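Before any comments, here is the structure.
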Amino acid sequence: MNFFPKLKETVFSVAPVMAIVIVLGITFAPLGSDSICTFFTGGCFVILGLTLFLLGVDIGILPVGEQSGAALTSRKNLPLLLGVSFLIGFIVTVAEPDVQVLADQVRTIAPGISKWSLIFSIAGGVGFFVALGILRTIVSIPLKLILLVSYLLLFILAFFAPAVFTGVAFDSGGATTGPMTVPFIMALGVGVAAVRSKSRKKNGSTDDDSFGLTGIASVGPVFAVVLYGIFASRGNGAPAGVGNAAEEQIFTVAEMFLYIPYVAKEVVFALLPLLILAVFFQLFLLKMPKMQVIRMIRGFLLSFAGLVIFMTGAQCGFMPVGEKLGELLAGKILSGDKTLVLMNQFGEVERQFFIPQFLQTALLIVTGGVFGAVVVCAEPAVWVLTQQVEEVSGGTIPKKVMLIALSSGVAVATAVSMVRIIYRFNIMYILLPGYVLALLLSLFCPDLFTGIAFDSGGVASGPMTSTFILSFALGASSALQGNPAEDAFGIIALVAMTPLIAIQILGIIFKIKVKAASFKKETGLETAEQKEVW
C-alpha cells in the first residue's frame, strides 16, 4: 500500500494553508484558542481523510474504471458506450467530494436550494458532456470546435440566468474535476484512444485526442446549473432563501466526533450508486478474479472511511473557521477598528495597532492572493500536470516555469475575487473576457496544449479551494454586507480559468521555440549554446 506517499502529498497540500490560518488567527484576525484547536483538528481530519480516500480510489475504484473503459470500447457498440459513459459520469460526480462540499456551501447561503437537486443537476451535466466527449473522439470532431460552440452557447444562456446562479454554475465546473471524477473520465478517454490508435495512425494524425475529455466534461455542470437556475427562479426572480451567508457553527473537537454518523449517512448515499455500478460491471462485463474483487472491496472501504473523515473535517473545521477568518479580516474594512496583533495564552489581547482602512482593504486582497498562490503550489495534481507538460514539450517548458505561471495566475484570480467582493461587480466582467482570450489563444496554440489546458482547468481548483478558499470568500462577503451568492461564488471558476490561459501561452511559446530551433538547424546557425532553449 502507498499510504505514506499519499500522506506526504496531502500534508504538503493542506499544511501550508493551516499554517497561514493559524498565524492570521493569532495576529491580525484573532480566532480564539478554541477555534484554532478545532481548525487544527479539522485539518488533521482533512489530511487523513483525503489520504485514505485517494488510496482507496487508486487500489479499488480506479482499476474498475480503467477496465470498464477498455471492455466497453472493445465491444464496438456505440449506443452502449455512450449510455454507460453518461451513467459513469453521473454516478462518480454524485460521489465527488468537491461537489459535496460545493453543495454544502450553496446551502449555507441559499437554504431554498435543495442540496441533492443541485448535485443531481451537476451530475447530469457531467454525464451528458462525457458522452459528448466520447462521441467527439469516435467521429473525430476537432476539440477546438466543440469548445468554441459549447462556450458560445453557454455564455448566451448565462445571460438569461439569475445573477445568484452565475457564480455557482461556473464554480461547479471546477469542482467536478476532482479526485473521484477525473480518474474515471480519463480512464474512458484512454480506452477510446487506445481502440482508435490504429485508425489515427492510418490517417496520419497524432495522439492529441488523448486530451480534452475532462475539459469537455467540465462544461456540462455549468450548463446544467444555469438551466437549473432559470427554471428554479421562473416566476419568483430567485429561489427562496438566497441572501447573506448563514452563520457557520464553530464546532468543538468533541462535537466534531459526534458529527461523524451524520456525515457517514450522506457518504453512504453518495457511494452506494458507484458500488452498485461496480458490482454490475463485475457480473456482466469484467468478471475479475477473486483477488481483484477483494482488492476492489478494500478500495471501496478505504474510500468510504476517507470520505467520511474528510467531509467531517471540512464541514466542522475548515469551512466554519475559513468563513470566520474572512469575516474578521473583511469586517475591519467597514468598522475601521484597530487590528488586533498579539494575544497571550489566555486569549487576552496584549498588543493592538491601528491600521488605516485602505491598508485593511489591501490586507484582505493580499491575503486572498497568498492563499491562491499557496494552494495551487500545494495541490498534488498540479505537480503531476507540470511534470506532464515538461515531458510533452521535451523539456522546453520546464516544470519550474509552469509552476510559476500557474501560481501567479491563481494568485491574481483569488486577489481579483477579493476585489470583486469589496466592490461588488458582476463576475461575467471577468469570466467573459477570460474565456474569450482562452478560446482565441486556442486558435494559435498547438492542439496538444489546448487539450492539456482545458483538461487541467479543474486541477488548480482542488479540495483546498472548495473547502477553505470559498469559505473565506463567503465570510468576507457576509462581513461586508454583500450578497455571497453573487459576490463570493465564482472564485473556483476564476481559479479554474487560469490554467486555460497560462498553459496555452506556454504552448504558443513552445511552438515558437520549436520553429526557431528548426530554422536555426536548417540554416546552420545553431550553436551549442543556442540549443539550450531555457
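The values are calculated or read from the model by the stated rules, or taken from the named source; none is laboratory data. No experiment lies behind these values; they were computed from the predicted model shown. Glycine also receives a Cβ, built like all others from the backbone with ideal geometry; neighbour counts cover every protein chain displayed. Surface accessibility is based on the protein's heavy atoms, side chains included, excluding ligands, DNA and RNA. Shrake-Rupley method; radii C 1.70, N 1.55, O 1.52, S 1.80 Å.
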Q | One residue from VAL384, VAL349, VAL401 being aliphatic (A, V, I, L, M), surrounded by fewer than 21 Cβ atoms within 10 Å (Cβ to Cβ), over 22 Å from the mean Cα position of the chain (by Cα) and at pLDDT below 90 | A | VAL349
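Here's the yes/no breakdown for (1) part of a helix (DSSP H, G or I); (2) modelled with pLDDT of 85 or more:
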position: PRO221; (1), (2): yes, yes
position: TYR228; (1), (2): yes, yes
position: ALA238; (1), (2): no, no
position: GLU266; (1), (2): yes, no
position: ILE294; (1), (2): yes, yes
position: LEU302; (1), (2): yes, yes
Q) Taking into account only those residues within the stretch 406-423 that are open to solvent by less than 30 Å² (accessible area, probe 1.4 Å) and out of contact with any Gly (no Cβ under 7 Å at 6 or more places or on another chain), which is modelled with the highest pLDDT? A) ARG420
Q. Among the helices (runs of 4 or more DSSP H) confined wholly to the stretch 86-161, which include 1 or more residues that are modelled with pLDDT of 90 or more and of a type in the set (Gly, Ala, Ser)?
A. 115-139, 143-158
Q. Can you name the condition, by its number, that GLY43 falls short on among (1) closer than 18 Å to SER466 by Cα; (2) open to solvent by 10 Å² or more (accessible area, probe 1.4 Å); (3) of a type outside the set (Lys, Arg)?
A. (2)
Q. Name the residues in the stretch 16-39 that are within 18 Å of GLY368 (Cα to Cα) and either in contact with a His (Cβ under 7 Å, 6 or more places away or on another chain) or among the hydrophobic types (A, V, I, L, M, F, W, C) (or both), would you?
A. VAL17, MET18, ALA19, ILE20, VAL21, ILE22, VAL23, LEU24, ILE26, PHE28, ALA29, LEU31
Q. Can you pull out the residues in the stretch 430-453 that are open to solvent by 10 Å² or more (accessible area, probe 1.4 Å) and at pLDDT below 90?
A. PRO446, ASP447, LEU448
**Q.** Residue within the stretch 518-530 that is among the basic types (Lys, Arg), modelled with pLDDT of 80 or more and open to solvent by 10 Å² or more (accessible area, probe 1.4 Å) present
**A.** no
Q) Got at least one residue in the stretch 143-152 being over 26 Å from PRO320 (Cβ atoms), over 17 Å from the mean Cα position of the chain (by Cα) and aromatic (Phe, Trp, Tyr)? A) yes
Q: Of the conditions (1) under 19 Å from GLY490 (Cα atoms); (2) open to solvent by less than 40 Å² (accessible area, probe 1.4 Å), PRO111 clears all except one; give me its number.
A: (2)
